[in-house]
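The block underneath contains the structure these notes are about, expressed in structure tokens.
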Amino acid sequence: MHTTIKKPAIAVEAVELKSMTVLYINDITAIDKQNKAIHKDYEVLLKFINKHGLKPGKIMAFYLNYENPIQLEAAIEVDKLPLALSENIHSKRIDGGNAVVAHYIGAYQDMGIAYNAITRMMDDKKKLPKGLPFEVYLNDETTVKNKYQLQTDIYQLLQ
């Protein structure tokens, strides 16, 4: 039996990130149930966004920890805030500024190498992180047949 190991592709660059307004849901989930939980959160957010006539932008996640259980914020950028939020939906503004982004193509389980590439670039340029990094999903497992074709941009704002 012959198996082909797919290597992820990563390109890291410095960018100017624009400020964003996001709606998010806090979630705590077991690692093995993470995909199901985050997809459910996005469904709730998109339903709320559509109901309130908002325009969705980037679909993203902020990971508050990486141990089991994972604590995360499933988030979607919006063009404006609604007049009121529901009980489990929160909002925040992400200040823009200098950032590093890793354009990653590959399976989610290998994404640690993209985070390491961001850290190396910050070290090389003697920059410090500002806030948590966040992942922006350009496609997902429902739109691609091969997990090695998943595209994610990982942003880290800089001080």
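Assess whether E135 counts as being acidic (D, E), in the same structural domain as N35 (by TED's automatic domain parsing) and modelled with pLDDT of 95 or more.
On the way: acidic (D, E): yes; in the same structural domain as N35 (by TED's automatic domain parsing): no; modelled with pLDDT of 95 or more: yes.
So E135 does not fit the description; no.
Number of residues in region 62-71 that are at pLDDT below 95 and buried (at least 19 other Cβ atoms within 10 Å of the Cβ) equals 1. Contact map, region 63-82: residues that are among the aromatic types (F, W, Y) paired with residues that are assigned to a strand (DSSP E or B) and surrounded by fewer than 16 Cβ atoms within 10 Å (Cβ to Cβ), Cβ distance under 7 Å, separation 6+ or inter-chain. No pairs are found. Looking only at residues in region 111-155 that are of a type in the set (S, T, Y) and exposed (fewer than 13 other Cβ atoms within 10 Å of the Cβ), the one that is farthest from E16 (Cα to Cα) is T142. Among the residues of region 78-110, the ones that are surrounded by fewer than 16 Cβ atoms within 10 Å (Cβ to Cβ), under 20 Å from Y137 (Cβ atoms) and of a type in the set (D, E) come to 1 in all.
Being closer than 16 Å to G131 by Cβ and either among the aliphatic types (A, V, I, L, M) or assigned by TED's automatic domain parsing to the domain that holds N139 (or both) is the filter here, so list the residues in region 33-75 that pass it. If the condition is that a residue be closer than 16 Å to G131 by Cβ and either among the aliphatic types (A, V, I, L, M) or assigned by TED's automatic domain parsing to the domain that holds N139 (or both), then M60, A61, L64, L72, A75 are the ones that fit.
Note on region 22-61: residues that are at pLDDT below 95 and of a type in the set (V, I, T) amount to 4. Residues of region 24-56 that are under 16 Å from E73 (Cβ atoms), β-branched (V, I, T) and exposed (fewer than 13 other Cβ atoms within 10 Å of the Cβ): I28 alone.
Test S91 against the criterion of being within 13 Å of Y155 (Cβ to Cβ) and modelled with pLDDT of 95 or more, and give yes or no. Criteria not met by S91.
Looking at region 110-132, which of its residues are in a loop (DSSP other than H, G, I, E, B) and touching a residue at least 40 places away in the same chain (Cβ under 8 Å)? Don't jump to the end; show me each part of the working.
Of all residues in region 110-132, those in a loop (DSSP other than H, G, I, E, B) come to 111, 125-128, 130-132.
Passing the criteria: M111, K125, L132.
The values are calculated or read from the model by the stated rules, or taken from the named source; none is laboratory data. In this text the structure is predicted, and so the values were computed from the model without any measurement. Virtual Cβ from ideal backbone geometry, glycine too; neighbours counted across all protein chains shown.
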